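Working notes, structure below.
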Amino acid sequence: FSQAYFRTVELVQEPIPGSPGLSFYFRINGRPIFLKGSNWIPVDSFQDRVTYNRLWLLLKSAADANMNALRVWGGGVYEQDEFYDICDELGIMIWQDFMFACALYPTDQNYLESVRAEVSHQIRRLKSHPSIILWSGNNENEAAIASNWFSIPYADREVYIKDYVMLYVKTIREIVLTEDKSRPFIASSPTNGLESVEEGWVSQNPYDTHYGDTHFYDYSSDCWNWMVYPKTRFASEYGYQSWPSFSTVKEVSSTEDWSYTSNFSLHRQHHENGNDQMLQQIGHHFKLPQSTDPIKKFKDTIYLTQVMQAQCIKTETEFYRFSQSEIIKGEGRTMGALYWQLSDIWQAPSWASLEYGGKWKLLHYFAQNFFAPLLPVAYEDKGTLYIYGVSDLHVDHKVTLTVTVHAWSSLEPVCTLAKDAVTVKAQSAVPIYKESINDLLERCTNCTRKSCVITFRLVGEGGLQSPVNHHFLSSLKDAVGLEKTQFSAFVSQQDDIYRFDLQTTAVAPFVSLDVGSIKGRFSDNGFLMTKKRKVVVFYPWEPTSVEELEKSLTLTSLVDVI
């Protein structure tokens, strides 16, 4: 049984009216596509442990979170055939780096011969996979020379540029052009694309937002502030770290390790100052855990790192999505958001949204929403609330936008506004609502920035609906009226899935359901609970039972952190 797939791909780099520079987006089968997804690193340090099932679970989790693309990062491995087979089947587009990353490589004849063999072999092996839409020469090596990461004396710079061109242009690019005329090639990521070519393949600033793609990391600025993010043509790497859940950490640690500042916690953190950076980022908006019980304090900290990471990457990704149709001060038309990174190679704090073993972090649940095909996105600018309708759908839709204001202290909404006949344009992001926060708070009496929160959603014909999105009016550490809640969960089985009927006595932010090491995922998690009841479904990846789930379940919300 063989499958036949057809598709065309173009990487479009053209002038944009009102903006210096060039576009950078993929046109698939003649249609511009906004790439939504993540970066793929090796699944395991030992490649023979990477089974079809592990690949399937990770890639299916990516597809289930509304991802349509992954970048196979140049610091890892050329993936096995089955990886690309699954991507073909699930409709996940692959940006394929060649395996060169963050380093200066030699260009002697022997080395170039081995590179030629490697590149020819990989292209021949992989080019029949329609999932692959781009070959990319390396990860960050143009940037490394441009920003002089390796402290090359200025006098020697030309030698290194010549080596760079020799390896990625005269060797790798030549083979790609000979072996595979069906796909675009870029020499590096981040790059300025055609502008880099103009500048002799090493541009002055490969991070320029007006050309090509960008990688962006900023751990110290407040991540809720969308103004810190680059309004780039294509965001191919960006991220924040978090800790994996306690059940994942527990497998490789013992009691004396269960503290955020233990030797174990420091040893597992391979990003300089990473553990402190997470606390610093949490501190912008949340109170840090103060429990006198050391294990509770550790678990609370893990939970907050996941909440912080999810909320940070949500804010950044929504910024990239709402920037796709506009040019502001010469910047915009963002056509891709691939966060760093999808999965983990071991049990440790990292940028991943899937833990080692496949368990979904809160970020992955958030991704399911922030990558949804239809999504309302809110941001504030100078005291005014703007809501955009973001759509990947192929036709325009008439929808109703509902904006609801909730007080932290009540399960009854303070006020609701419905705006009918809102047009959400196909494959675009358009402003659909605007109101000053002061007017909004006046309209909804008894509300202040600290005592209330906004939720909103889009509903259309024939069951078309977006996820419910939220916008905070203040830091949660300043929130007024949040009450300790009594949760209850009733678990029942329906065929091969499990149903969790949740009840709360108060509004609860970032409600997290965790069933420990039972393998599977929930339909929704980390959500803001503004109603008394909510139903969440658990999809098991292995046989389990109502009793096991009940026994393993922990329910945590922000007010449980003390």
(message) Skipping prolines and chain starts, which residues have an amide H placed within reach, meaning under 5 Å, of the one on residue 286, given they are 5 or more residues away or on another chain?
(response) 477
(request) DSSP loop (so not H, G, I, E, B), at most 14 other Cβ within 10 Å: list which GluC sites (Glu not before Pro) in the range 476-562 pass both filters. (result) 483
(request) Quick one: which residues, 5+ away or cross-chain, put their amide H under 5 Å from the amide H of residue 384? H built at 1.01 Å from N. (result) 437
(message) What does the extension gain come out to for residue 412 and residue 496, with contour length at 0.36 nm per residue minus their alpha carbon separation?
(response) 26.8 nm
(request) Express the Stokes-Einstein translational diffusion coefficient of the range 70-121 in µm² s⁻¹, to the nearest whole number, given a Kirkwood radius over alpha-carbon pairs, 25 °C and a viscosity of 0.890 mPa s. (result) 194
(request) Taking all pairs of distinct Cα atoms, average 1/r, flip it, and tell me the Kirkwood hydrodynamic radius of the range 18-66 in Å to one decimal place. (result) 14.1
(request) Starting from the Cα of residue 182, move 7 Å in the Cα-to-Cβ direction to define the label point; list residues of the range 113-127 whose amide nitrogen is under 20 Å from there. (result) 119-127
(request) Could you quote the convex hull projected area for the range 288-430, Cα atoms only and averaged over all directions, in nm²? (result) 12.2
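Given R₀ = 41 Å, what would the calculated FRET efficiency be for residue 288 paired with residue 104, taking r from the Cβ atoms and rounding to 0.05? Mind showing how you got there, number by number?
Values: r = 41 Å, r/R0 = 1.01.
Step by step, r from the Cβ atoms, then E = 0.50.
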(request) Determine the distance separating the Cα centre of the range 152-206 from the Cα centre of the range 492-562; give it in Å without decimals. (result) 50
(request) For the chain, find the longest principal axis of its Cα atoms and tell me its angle to the long axis of helix 274-285, 0 to 90°, nearest 10. (result) 40
(request) May I ask you to give the percent of accessible area on the chain that is carbon plus sulfur, with a probe radius of 1.4 Å? (result) 51
(message) Quick one: 3J(HN,Hα) in Hz for the range 154-162, Karplus 6.51/-1.76/1.60 with θ = phi - 60°, rounded, Gly and Pro as x.
(response) 4, 4, 8, 3, 4, 4, 6, 5, 4
(request) Work through the residues other than residue 304 whose Cβ is under 12 Å from its Cβ and net out their charges, Lys, Arg +1 and Asp, Glu -1. (result) +2
(message) Ignoring everything except DSSP H segments at least 4 long, calculate the 222 nm mean residue ellipticity for the chain; use -39,500 (n - 2.57) per segment, divide by total residues, nearest 500.
(response) -7500 deg cm²/dmol
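Give me the percent relative contact order of the chain, please, defined on Cα pairs under 8 angstrom at least 6 residues apart.
On the way: 1200 pairs, mean separation 66.9, N = 562.
Relative contact order for the chain comes out at 12 percent.
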(message) Full-extension gain between residue 56 and residue 5, please, as 0.36 nm times their residue separation minus the C-alpha to C-alpha distance.
(response) 16.4 nm
(message) Per 0.36 nm of contour for each residue apart, how much would the distance between residue 16 and residue 147 grow if the chain were fully extended, relative to their Cα-Cα spacing?
(response) 44.4 nm
(message) How high is the relative contact order of the range 239-395? Use alpha-carbon pairs under 8 Å, at least six apart in sequence, and give a whole percent.
(response) 26
(request) Please give, to one decimal in nm, the separation of the simple spin-label points placed at residue 329 and residue 296, each 7 Å out from Cα toward the Cβ. (result) 4.7
(request) Please give the peptides 109-119, 50-60 ranked by average Cβ packing (other Cβ atoms within 10 Å per residue), highest first, as a rough proxy for protection. (result) 50-60, 109-119
(request) Take every Cα pair under 8 Å in the range 434-527 that's 6+ residues apart, average their separations, divide by the length, and report that relative contact order as a whole percent. (result) 17
(request) Filter the chymotrypsin sites (Phe, Trp or Tyr not before Pro) in the range 169-228 to those in DSSP coil with at most 16 other Cβ atoms within 10 Å of their Cβ, and list the result. (result) 217
(request) Grab the beta carbon distance between residue 537 and residue 114, set R0 = 51 Å, and tell me the FRET efficiency rounded to 0.05. (result) 0.50
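Ordered by packing density, taken as the mean number of other Cβ atoms within 10 Å over each peptide's residues, highest first, how do 129-140, 403-414 rank? Don't skip to the end; give the middle numbers.
Details: 129-140: 23.5, 403-414: 18.7.
Ranking, from highest mean packing down: 129-140, 403-414.
The values are calculated or read from the model by the stated rules, or taken from the named source; none is laboratory data. None of the values given here were measured: they were computed from a predicted structure. Using ideal geometry, Cβ is built from the backbone for each residue, glycine included, and neighbour counts are taken over all protein chains shown. Just the protein is used for accessible areas: all its heavy atoms, side chains included, with ligands, DNA and RNA removed. Shrake-Rupley method; radii C 1.70, N 1.55, O 1.52, S 1.80 Å.
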